Ligand code: HDD
């Protein structure tokens with residue numbers, strides 16, 4: 001049984017399946033269109049050449065006699081090799097590593113006062129979507145869990161054409177001007193000479209660039225925070241970054257920032273975990289997304305807008321056109337107006353996820369470019385890059401890129417033209433088609449915008465020169481734990497730099513954000529703590545912390561989490577099967593980990609559980625919680641020498657995760673795995689059936705204790721991590 005199948009089995013409760021079939025039942029014109037292009041190889045006609053001639057042998061090439069040379073006459077062999085030779089296309093110049101899923105968007109609150117775009121007005125519509133999540137720095141085969149910005153690019157297949165919000169999981173960008181994009185990317189990507197390091201910003205070139213580019217500092221705070229080591233794509237916010245312009249039916253214009261908020265909350269890995277997973281399961285985020293979707297636990301995101309009417313454009317102490325700034329939610333609240341569900345994995349990674357070509361210029365009538373200096377050249381770049389990546393101007397005809405509405409125009413020919421375009425190829429013509437469409441009939445008419453006039457020169461607006469205030473706001477808004485993580489991240493990244501000048505310059509810059517932060521980083525690098533040069537303004541916003549529960553953007557739930565259930569031959573069946581069944585009903589994915597794959601016998605004759613992982617093939621890092629089921633018999637007597645159990649318990653504890661044990665495993669956990677850490681809790685267990693504290697949950701071996709145990713485990717898992725736990729004595 002594959003992992004996906006086993007998870008599917010484990011979440012097949014009544015509630016889940018009703019929900020799942022409701023999502024599946026939604027009609028999706030994009031899926032119908034893609035079906036027309038899909039070839040199902042399970043309906044086998046027999047192997048044929050590209051041109052339809054059936055072949056009797058695809059394993060032996062034509063030869064001039066036994067042991068003779070291969071003949072060029074073998075059309076099938078040549079075609080097979082030639083096609084293989086040309087399978088690769090250039091990877092994306094940034095965001096090369098990614099994964100995608102199909103879904104749909106539904107609006108619940110129309111915003112006619114902001115835009116006339118039907119997708120943001122008509123609540124009866126179900127709009128198909130495709131989302132591609134990605135990392136920025138690494139190559140296509142790089143690891144998922146590296147410290148990096150995550151892309152969150154969404155395409156809406158609307159009846160007015162494709163609308164792409166090519167978003168990130170950080171609401172601000174490194175730079176204010178698109179002309180600097182090649183520089184920041186060259187700086188962060190592997191060094192030109194040695195092509196190292198892969199998918200990392202912890203090197204001289206990146207920090208050299210940042211130290212000399214103060215506008216990057218706000219973004220760098222996000223980059224050093226937990227945001228850029230997300231637990232899952234399902235637990236990540238998305239931000240359109242720019243202020244876009246929306247126009248209503250009266251022609252009134254507003255600045256709008258787009259937001260995605262995950263239903264499962266915003267949660268991250270810890271750094272040690274991220275580093276380990278990069279080797280243990282480089283596809284961690286990809287697998288997590290696919291597994292959840294295939295298990296019917298569909299990721300869902302609320303869609304929100306921050307709206308500033310054009311006449312209030314200048315009411316802020318930052319420029320709305322500056323993509324290195326957020327609009328704090330205290331100033332302009334986010335209005336949540338719809339949601340997106342991802343409910344289908346692609347059938348063909350290359351055809352769908354690799355060939356999707358997002359473009360910021362893909363906007364529908366009612367949504368337009370603003371004058372953000374990052375945006376116009378950016379829009380040029382996306383169109384331009386596809387010409388190389390997808391090999392010519394007809395990439396719009398690739399199935400994943402086709403809109404679901406009809407398309408007529410006068411563009412013709414070019415490499416890989418796959419349409420037969422019958423009829424006029426110029427306008428105006430005597431036939432009257434294809435013709436421009438008036439605004440009142442749905443044609444795009446860009447809203448008139450008065451221009452300030454002035455002189456043609458290379459300049460930026462006056463408010464673009466302040467770079468530190470929002471970096472400080474971010475720092476001030478973090479909880480103590482998050483601040484510790486930021487200090488740790490700076491220390492790691494700068495600690496990996498070799499050039500002393502680069503480190504010193506960066507410390508100077510960090511000192512402008514906050515002196516305490518700079519001193520802590522300096523201390524960890526054994527450098528002189530700098531004197532305060534720029535007082536902290538003391539302002540904070542409550543919408544940024546991932547840990548502080550006052551952040552209403554966050555959610556805490558056990559749903560969608562993953563728990564490892566460690567069992568040995570002779571385990572207590574009642575407790576183990578109780579946890580498994582109850583968690584499955586709640587949408588928590590439970591994987592049994594045993595001494596071998598397949599059947600593991602319990603202490604009750606005739607009862608067993610199927611293990612998905614062996615002790616060797618699984619690591620605690622792949623789960624949100626680990627539970628060690630007690631039992632009886634020779635294997636349990638030898639538990640103190642079970643290295644993988646010991647390691648899993650210590651590592652999960654060290655990563656602040658939920659760690660649980662029942663029956664005889666409690667004693668093992670206390671004596672061997674976590675000696676000195678849980679004595680008091682174990683004492684309490686003598687008087688109570690179940691005890692829980694700081695993410696550690698202990699229970700006896702009686703089935704009657706199962707409901708209380710499950711409640712405690714769920715409560716602890718919902719907290720994401722037990723941040724109050726002291727892990728200083730643990731190494732794993
Ligand atoms: Fe970009 C890809 C996000 C600025 C040039 N970008 C790309 C992707 C995401 C972003 C999510 C991956 C899309 C996919 O999954 O296929 N980029 C952003 C955000 C930005 C941003 C949020 C700032 C607000 N980008 C930006 C600028 C430029 C580019 C300023 C160029 C001047 N980006 C590209 C690109 C890519 C790309 C080179 C590579 C592959 C592609 O476009 O299709 O054109």
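The values are calculated or read from the model by the stated rules, or taken from the named source; none is laboratory data. Keep in mind that what you see is a predicted model, and the values were worked out from it rather than measured. Quick reminder, even Gly has a Cβ in these numbers, built from the backbone with ideal geometry, and neighbours come from all protein chains shown.
Some points to look at:
- Some residue of the stretch 139-146 being at pLDDT 95 or above, near the ligand (Cβ under 9 Å from one of its atoms) and buried (at least 23 other Cβ atoms within 10 Å of the Cβ): no
- Scanning the stretch 473-487 for residues that are more than 12 Å from residue 544 (Cα to Cα) and either in the same structural domain as residue 271 (by TED's automatic domain parsing) or under 24 Å from the mean Cα position of the chain (by Cα) (or both) turns up 481, 483, 484, 485, 486, 487.
- Residue in the stretch 130-141 that is assigned to a loop (DSSP other than H, G, I, E, B), under 22 Å from residue 241 (Cα atoms) and touching a helix residue (DSSP H, G or I) at 6+ places or on another chain (Cβ under 7 Å) present: yes
- Residues (surrounded by 15 or more Cβ atoms within 10 Å (Cβ to Cβ) and either part of a helix (DSSP H, G or I) or more than 8 Å from the ligand (Cβ to nearest atom) (or both)) located in the stretch 373-386: 373, 376, 378, 379, 381, 382, 383, 385, 386
Every residue, every condition in (1) touching a strand residue (DSSP E or B) at 6+ places or on another chain (Cβ under 6 Å); (2) away from the ligand (no atom under 12 Å from the Cβ), yes or no:
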position: 314; (1), (2): no, yes
position: 317; (1), (2): no, yes
position: 335; (1), (2): yes, yes
position: 355; (1), (2): no, no
position: 362; (1), (2): yes, no
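- In the stretch 223-235, the residues that are over 10 Å from the mean Cα position of the chain (by Cα) and farther than 15 Å from residue 481 by Cα: 223
- Residue in the stretch 629-648 that is under 17 Å from residue 717 (Cβ atoms) and either part of a strand (DSSP E or B) or free of Cβ contacts under 8 Å to residues at least 24 places away in the same chain (or both) present: no
Residue-wise test of (1) surrounded by fewer than 21 Cβ atoms within 10 Å (Cβ to Cβ); (2) in a loop (DSSP other than H, G, I, E, B).
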position	(1), (2)
698	no, no
701	yes, yes
704	yes, no
708	yes, no
720	no, yes
725	yes, yes
729	yes, yes
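- Checked against (1) surrounded by fewer than 17 Cβ atoms within 10 Å (Cβ to Cβ); (2) in contact with a helix residue (DSSP H, G or I) (Cβ under 7 Å, 6 or more places away or on another chain), residue 421 passes all but a single condition, namely (2).
- Test: residue in the stretch 237-244 that is within 16 Å of the ligand (Cβ to nearest atom), without any contact (Cβ under 8 Å) to a residue 60 or more places away in the chain and more than 12 Å from the chain's Cα centre (by Cα): no
- Considering residues of the stretch 171-216 that are within 13 Å of the ligand (Cβ to nearest atom) and not in a helix (DSSP H, G or I) only, the residue nearest to residue 547 (Cα to Cα): 171
- Residue list for the stretch 82-96, restricted to those being surrounded by 10 or more Cβ atoms within 10 Å (Cβ to Cβ) and more than 6 Å from the ligand (Cβ to nearest atom): 82, 83, 89, 90, 91, 96
- Residue count for the stretch 437-461 satisfying the condition of being without any contact (Cβ under 8 Å) to a residue 40 or more places away in the chain and not in a loop (DSSP other than H, G, I, E, B): 2.
- Boolean, residue 574 is assigned to a loop (DSSP other than H, G, I, E, B), in contact with a strand residue (DSSP E or B) (Cβ under 9 Å, 6 or more places away or on another chain) and touching a residue at least 24 places away in the same chain (Cβ under 8 Å): no
- Yes/no for residue 105 being more than 9 Å from the ligand (Cβ to nearest atom), touching a helix residue (DSSP H, G or I) at 6+ places or on another chain (Cβ under 7 Å), in contact (Cβ under 8 Å) with a residue 40 or more places away in the chain and in a strand (DSSP E or B): no
- Test result for residue 219, touching a strand residue (DSSP E or B) at 6+ places or on another chain (Cβ under 8 Å), within 12 Å of the ligand (Cβ to nearest atom) and not in a strand (DSSP E or B): no
- In the stretch 387-406, residue farthest from the chain's Cα centre (by Cα) [restricted to those that are in contact (Cβ under 8 Å) with a residue 40 or more places away in the chain and away from the ligand (no atom under 15 Å from the Cβ)]: 405
Yes/no matrix, rows are residues, columns are (1) modelled with pLDDT of 95 or more; (2) under 30 Å from residue 303 (Cα atoms); (3) assigned to a loop (DSSP other than H, G, I, E, B):
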| site | (1), (2), (3) |
| --- | --- |
| 488 | yes, no, no |
| 493 | yes, no, no |
| 505 | yes, no, no |
| 522 | yes, no, no |
| 528 | yes, no, yes |
| 534 | no, no, yes |
| 545 | yes, yes, yes |
